[in-house]
Structures are given as C-alpha cells and as structure tokens.
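Working notes, structure below.
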Amino acid sequence: MPPELCQLSNLTGLSLHNNQLSNLPPEICQLSNLTTLFLHNNQLSSLPPEICQLSNLTRLYLHNNQLSSLPPEICQLSNLTRLFLTNNQLSSLPREICQLINLTWLSLNNNQLSSLPPEICQLSNLIRLFLHNNQLSSLPPEICQLSNLKVLDLFDNPKLTSPPPEIVEQGTQAILTYLREKLESSQRQWVSKMLVVGEGGVGKTSLLRALRGEEFDTQESTTHGIEIKSLELTHPTKPDVTMQLNTWDFGGQEIYHATHQFFLTNRSLFLLAWNARLGFEQGKLYYWLDTIKALAPESPILLIATHIDERDADLPLTELRRKYPQIVEHCKISSKTSLGIKELHQAIANTAANLPLMGEIWPTTWLNAANAIRSQPEKYITPQQLWKIMANNKVADISKEVLARWLHELGEILYFQDNEELNDTVILKPQWVTEYISKVLESEEVINKFGIFTRQEMDKLWQDLTSSMRDHFLRLMERFDLSYRTLENRDISLVVERLPLDPPNYEQKWQQIQKTGNCHEISMKFKLNTIPAGIPTWFIARQHRFTTNTHWRNGAMLVYEQQHLALVEAVKGDRYIKLTVRGPNPLNFFVLLRDGIEVTLARFPGLDIQRTIPCLGHDGEPCTHEFDYQQLSKRWEKKKGTIECPEAIEDVSVAELLYGLNWNTQNAVLERIDELETKVVDGQAAILDELKNLRELSQREFTNAFRREQAKIDSHCPNIFVLRPRGGKSWQKAIAGQKIDLQLYCQAPGCWHPSEKDGLYEVDEPAKWLRATAPYIGRLFKVLRFAAPIIGPWLGVIDPKEYEALYKNDLELFKELTAKLPEIENSEDAEIADKITRGEDLDPERADGAALRALRQLLEEKDPQQNWGGLKKVLTPEGHYLWLCEHHAAEYKR
C-alpha cells in the first residue's frame, strides 16, 4: 500500500482487494472519512490497532485472508454495520466485539472458531450471523436474546452438540427456540442408545440378559424385528451419575436388515456380536463393520465374541482396527457362564460415557415432556394428544413442533409432520412398527408370490389393528421404501425385499430399443466399498412410477414416455451399481434417476462411493475406459478442456463427457435449447422431443440448485416468478420508480406456468427490492426464457389462447426488465453493482442469499397465511423440493 494513499483524508471508499498485501501501515488511520474498505483476497495475517480510528467505517471486507485474531480495538468501529471475515484462521473472537452495536451482518464462515463469547448477545441489531464450517462445540444460549436475528448459519460444525444437529437442521427459528428454553432452565440427560447387531443365532439377546443380570435361558427364542429394553450403568468417573442405555436388540436374519437400517443411527454405541465357536467369517464381521461404517461412521464399536466357553476367540484384530478405526475394544464373553461379563460391563460404561448424547444438556421443559412421552402406555397417539402432553410440561407453543421433529430424528417417536398421509398419527413405540413389517416379510404368501402383498393378506396379518392403522402401516412401509402399491390395482402392493433374486428375461426388450434408430446411451457406475441391505430395493420402490413390471432383488428396468428405457443393476459381487439409460434423448431421464440413486446412497453417510462414466469412444469405436466423475468435475472447474484416455492415449473433451450431468455445464445445455428453438419451425418430432427433455432438465436443475441455497439461508418459499409492470404493457424508462407485480409460477419441470389461485403480489419499494434480487433475476431469466406455454388441465378456467398470450407477454416483459437491470446503479454496495453491470454471478452468501431472503420477506408480508398462489411444497422421490399446483402435486402422491 503506497504511503501517499494515506494522505487522501477525504476518501470515503477504498478498494485494495485481490492484491498480495501482507500488512497494513498504521498510517491508514489518517483516512478518517472512510465508510467502506475492501481488503478481501489478500494475505493479511493481522490488523494494526490503528484501524480502530476509522470511526466512520460502516463496511469492512476482510474475507479470504490469513487472520488468526482480531485486535480488541476493533470495538471502537462503532458505526460498522457489516463485517466480512469468511475464509480466515480465526480461533476466537475478542469479547470487545460486543461493542459493535450497529452491526447487522457478521460473516465468520470457514474459520477455526471453537467457541463464541457470551457477550455476542449484546449485538442487538444483528440480523445475519454466518458460522458455517467452524469447530464450534456449543453456542452460548444467550444468542437467543438477539431479537432481530433472522439468519443463523451453523452448518458444517462437526463438533457441535449444543444445539444438537437435529435442531440445527430445522433452521434458525428452531435453534433460537431451543436456546431460549435452554437459557430459562436446563438439565443434563444421561441417556443414549446401544445397538446390538450381528448374524442370527450368535446370542445377542442372551448377551443383553447377562448384562442385566438375568438368568441364562437355554430356550431363548429368535428375535423377530427389534426388541428395546434399558440397561443402567454407573458413570466411570462420576459415581453419583447413573447412565441409561436404551438397548436395541436387532433380529439378525438378513431379511430384517433393510428395515433395521432406519434405526441404526449415528452417535450411538454398537455392540457387534459374533460366535467364537463358528468363527468370525461365519459371523460376517466385514459385512457388519462395512454396514455400521456406512450408516454411522462416527459411532464407536465394541466387538463381542460369544460362546468362548466352547472355543477361544480367534480374530485378526490389528487388521480390523486398521480398516475400521471405530473399533474401541474386543471383548470375549460367555452368557451361559457369565465369563467376561463384568469386563464387558465396564467397557460399555467407559465407551458410553463419551457418547455425544450422553450428558447432553436439554431444556428442562423439553426433557420433562420427553420423559412423559416415553412413559405413555399407548403405542400411538394423535398429534393433538402429543401437543397436550407438551403443554402439560410447560413446553412453549413455539417449541412444540421443533421438539416433535427432534424426537422423531432421535428415533424416539415416528411422526412425519410434513406428510399429509402420515401426519395424523404419532407412533410412540417405533419398534412396534418393525414387528408388523416383519410379519409381512415372513409371510409365506408374500414369499411364494415373490413380493405380492394383497389387501386380503394384510387384513389377515394385521387383523389385530384397526382398519385405519392398517392403512397407516402400509403408508409407513411406502415411506420407508419397503413397498409400493401397483398402478393397476391399489389393493396390491409389491414388497421389494421379497422380489425374486433371479432377473426375468429382459434382454430382448433392452436390446430392441437400440434398433429403433437414433438411440443414444448414457451410463454411470457407482463403485461402493459395500452394498448394504436396501440397495437397490429402496431405489426400485421410490421409482415405481416408471415401472415396466420388470424387476428383481438387484435390479429393475424402467421406462419414461415409452421411448426411453433405463436399466439399474446392483452387482453385489463386484460391489457396484450401474445405471444405463437408452433412447433418443436419454439425458433428462438419466439425471432424474441418478438423483434418485444419490438420495438412496445418502442414507449411508459413511459409504465410500466412486462414480465413473464411460469414455465416449474414438473414431466411432467404443472404448472400455471409465473416467472418474469427480476428477472430471475438478478439471471443468479449473477450465481444463480435455482429459487423456489412457486406453487410446487420446484427449477427450471434458465438456462432452459432463454435458448435462454436472449443472456447471448449464450454459452448454441452454445454448443447445437456443439452437433447437430456431429449428422448431420445421416441426420435426425429434427436435421437439429433445427440446422438451432439455427444458424439463434445465428447469428442474435450476430449482434444485436454488433449493440448496434456500436451505442454507433458511428462507424456503416458491422461487420461480415473473415481474410485470402494474397497469401497463411495457416498462417505463426509469423502472426503479415503476409499480411492479410479482407472479408466482408452478415449478413442474417442463411445465412452468403461472399459479392459478392468486399468487400475484405488488412489490413495495421496487428500486430497493430490485437491487436485492437483480443477480437472481438474471439467472432465473436464463432458464425462464426457454420455457414454453404448454397447455394442460392445470389451466382451470383460463382460455388456452388467453393463457398463451399471457405467458408470452410475461416472457417478453421479463426479458425487457432483465435488459434494464444494469440501470439500477444506486446499489448499496458498489462492488455488487459493478458485478451486476458486468453480468457476473455473485457469491451466494451475499447475492443469491440476499435475493432469496428478499423474496421470502415479500411473500410473508403480502401473504402471511402462506397460501402462495395455492402452490404446495412437494418432496419428489429424487430428493427435489418443488412448489407445485394441485394438479402437478398429485402426480407425486403414492
């Protein structure tokens, strides 16, 4: 920084970003009239204390530096409203930061913060606090006193236990609600889960009986489903504390494994039992260890060798520990003679004491309510009864739904609040559900009919349930992706875990499509370290709307619009899943199904996955090489256009390999749509079909991308819309002063259309609102301009010709508006205005985030009942959240 710069005492804005600055001279304090200072993207490791003399500073940009601490003197910048410190090396904040009383925006993402000073609660004007990707273990509950706080980003803090992850995932209001009740009164809860797994017949139930001091039962029956009891232990270092472990005894037969996976949760203690008499190979230790690692990668494991009164336990423990570092200890016991039980008891106590949930601090009202719910004798109750129990234990109204979600995520209850078909019942004993599901899996009729489950068989197996509960359990099986009702007969379900192991003869149909001409193929392999139970059967159940009725335990053939076929196969011996789609325009169907596979795999957070896609071939000849998808994506991000194929020693285009598969290639997809639209006049069916598929793909991927952004900033709402000038057919020269209406659109991929029930809102202060949303509007128009006025039954009473005219007018006006956006130069942030003018995308935290928050705020103000044009938030089987009209929402009902 040149010294003479410090002599410009009247300077109000200074931009020194994107340099190699390693320090600032103390003389910077002479710039006493500075209001905005850009210092991001440098190499600053510290700030001079003299910076505190810039008393007029309102915005300070320090992100992407190497700061390890802040000078306490920073508290003297009393006019500061925004402080950006993302991507530094801060491990703590000075307590004096609480004196920045005008601060509204504090960004601390991607640092090394292990704690926050309680005094931060004095920042009474703070609206947004970003703490993404730090090392926080707990938040000071006083943060709930920040009454203006709208956004609290705590994602990716792996050590955070208070608030617990289940609360963090519910968003800002849930976090503040939890902290508020915790601040009023809190208690430690010494309760956690111990899950006992292993093959059938290894002695899991006898092991638990021995731990509880019960007599050995030589006639112990096989466990069907799950049995839950409790085990009390004295804390190893706190003799006055009694820990309670809820012990889950899982039936070991393979057919139960898919149902158990919903309860094998992370942050629990696992006991993996194997029979020393039969050997560890027969105990399938590697299979079970892979499964635990995939489902609960952070959970400790105790290996338990049973029956050591009959044979010594021989185990390659060193090798196992190297591959599975979750293994804490190997214990050897005999439930029959009680040999080793005392030592096992102590090992469990030592390990349980360190579980994340053990000794967790709960708000007292929440803990009392949870205990009252646990003590209910009923197996299920209504939501109204649940709210009454909470009210009796003084849980605040604002906290009830948050607590219910938390208990659901912890596996204490089953209550799907957002599912219209399931939210009328609260299951208090989750293991009760598995008992009835097990009856279906064990049914001779279901087995003999290769998974066919009829209404008559249901009435027989579940005869002791009321008719309404039978329907509820059937819907639960569908929710767990264990079955689905056939499209031809809704009284018949297909239980995917009982599909035949051998595939039917599908080869002829699969090969036939290649002979239709103009047939293309896209495929991807998902190479896994193990294939747990539920893969691919859960995927088959989720994708049943595309069924061809050609399916087996390890695969299925699916169809889309009668001209695209997909084949998904799990090759368990080689541990991979392969998805292949064939047809004239397979990309759209392929990406949709791939997302469905990803949703299934995401249930296993510790699963090792390598995704590969085949080489495009050379000179018209096929090639056997497979490229690593992640490596291709990295090359694309680094603007490397080619990659060498090691088989042919030739360069292959990265853009062609990733086209449409990675949404960073969206511009190529949109360019192709643009090209096709110029050819539509020819009326060729092939062109129209490709155009339709690419429109659907681009629209779905756009809404999916911004759904992720909305999750980050906790502002879920419909996000597809057009803007219309109120009372006129065109935009005025000065659009900032013009009255504007916002029209919400249904987000059905390929069928975007105006919401038919209202959904029209006037924008107050259009200049300010357009400044906030301009970057998002630009990105939205890139996709919206390729939408088409598709006529369908969702139009209601609108005349099709009127609708088409309205639709085209919307697009023309939106195009006109987008062209005028750079004229909005009075942006609050000069840097953002400059980027808008250049048409560049902005950092999501500051641009898309701000836009989506502005959209949510507008909709809440104009429509506090959240009718939002009659659009319903729908979670598709592929994991996409879409805001849909009634007609399109019905397509996803099971």
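Here are some notes:
- Residue within region 126-144 that is in contact with a helix residue (DSSP H, G or I) (Cβ under 6 Å, 6 or more places away or on another chain), in a helix (DSSP H, G or I), modelled with pLDDT under 90 and not assigned by TED's automatic domain parsing to the domain that holds Thr306 present: no
- Checklist (1) outside the structural domain of Ala391 (by TED's automatic domain parsing); (2) aliphatic (A, V, I, L, M); (3) without any contact (Cβ under 8 Å) to a residue 24 or more places away in the chain applied to Leu303, failing item: (3)
- So Glu828, is it more than 19 Å from Pro754 (Cα to Cα) and either part of a helix (DSSP H, G or I) or at pLDDT below 80 (or both): yes
- Here Ala210 meets the list (1) farther than 25 Å from Thr365 by Cα; (2) modelled with pLDDT of 90 or more; (3) not assigned by TED's automatic domain parsing to the domain that holds Glu232 almost entirely, failing just condition (3).
- Leu616 vs. criteria closer than 19 Å to Ser523 by Cβ and within 29 Å of the chain's Cα centre (by Cα): no
- All of Ile74, Ile101 fail the test of being in a helix (DSSP H, G or I) and either modelled with pLDDT under 90 or touching a Ser or Thr at 6+ places or on another chain (Cβ under 8 Å) (or both), apart from Ile74.
- Near pairs, Cβ below 9 angstrom, 6+ apart or cross-chain, from region 413-430 (outside the structural domain of Pro383 (by TED's automatic domain parsing) and at negative phi) to any residue that is of a type in the set (Phe, Trp, Tyr) and assigned to a loop (DSSP other than H, G, I, E, B): none
- Only one entry in Ile836, Ile791 is farther than 17 Å from Arg724 by Cα, in contact with a helix residue (DSSP H, G or I) (Cβ under 8 Å, 6 or more places away or on another chain) and either assigned to a helix (DSSP H, G or I) or at pLDDT 80 or above (or both), namely Ile836.
- One residue stands out in region 324-361 among those that are farther than 28 Å from Ser206 by Cβ and either out of contact with any Phe, Trp or Tyr (no Cβ under 9 Å at 6 or more places or on another chain) or at pLDDT 95 or above (or both): the one that is surrounded by the fewest Cβ atoms within 10 Å (Cβ to Cβ), namely Pro325.
- Ala533 meets all of the listed conditions (1) in contact with a strand residue (DSSP E or B) (Cβ under 9 Å, 6 or more places away or on another chain); (2) in contact (Cβ under 8 Å) with a residue 12 or more places away in the chain but one, namely (1).
- Residue among Ile292, Ile301 that is in contact with a Phe, Trp or Tyr (Cβ under 6 Å, 6 or more places away or on another chain), modelled with pLDDT of 95 or more, of a type outside the set (Asp, Glu) and within 28 Å of Gly606 (Cα to Cα): Ile301
- Counted residues, region 126-183 - those being under 30 Å from Ser78 (Cβ atoms), under 17 Å from the mean Cα position of the chain (by Cα) and surrounded by 18 or more Cβ atoms within 10 Å (Cβ to Cβ): 5
- Number of the exception - Trp462 against (1) crowded, with 19+ Cβ neighbours inside 10 Å; (2) modelled with pLDDT of 95 or more: (1)
- Within region 252-284, tally of residues that are surrounded by fewer than 21 Cβ atoms within 10 Å (Cβ to Cβ) and closer than 21 Å to Ile341 by Cβ: 3
Conditions (1) in a strand (DSSP E or B); (2) without any contact (Cβ under 8 Å) to a residue 40 or more places away in the chain, marked per residue:
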{"residue": "Phe590", "(1), (2)": "no, no"}
{"residue": "Arg594", "(1), (2)": "no, no"}
{"residue": "Val599", "(1), (2)": "no, no"}
{"residue": "Phe627", "(1), (2)": "yes, yes"}
{"residue": "Ser633", "(1), (2)": "no, yes"}
{"residue": "Lys640", "(1), (2)": "no, yes"}
{"residue": "Ile643", "(1), (2)": "yes, yes"}
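- Failed item in (1) closer than 30 Å to Lys394 by Cβ; (2) in contact with a Phe, Trp or Tyr (Cβ under 9 Å, 6 or more places away or on another chain); (3) in a strand (DSSP E or B), with Ser192 passing the rest: (2)
- Yes/no for Leu123 being buried (at least 22 other Cβ atoms within 10 Å of the Cβ) and not basic (Lys, Arg): yes
- Qualifying residues in region 402-449 (those that are out of contact with any Phe, Trp or Tyr (no Cβ under 9 Å at 6 or more places or on another chain), in a loop (DSSP other than H, G, I, E, B) and charged (D, E, K, R)) - the one farthest from Met469 (Cα to Cα): Lys449
- From the options Lys578, Lys515, Lys527, residue that is modelled with pLDDT under 95, surrounded by fewer than 24 Cβ atoms within 10 Å (Cβ to Cβ), not assigned by TED's automatic domain parsing to the domain that holds Glu488 and not in a loop (DSSP other than H, G, I, E, B): Lys515
- Close pairs from region 270-297: first not assigned by TED's automatic domain parsing to the domain that holds Ser335, partner at pLDDT 90 or above and of a type outside the set (D, E, K, R), Cβ under 6 Å, at least 6 apart: none
The values are calculated or read from the model by the stated rules, or taken from the named source; none is laboratory data. Model, not experiment: these values are computed from the prediction. Every residue, glycine among them, receives a Cβ derived from its backbone with ideal geometry; neighbour counts consider all protein chains shown.
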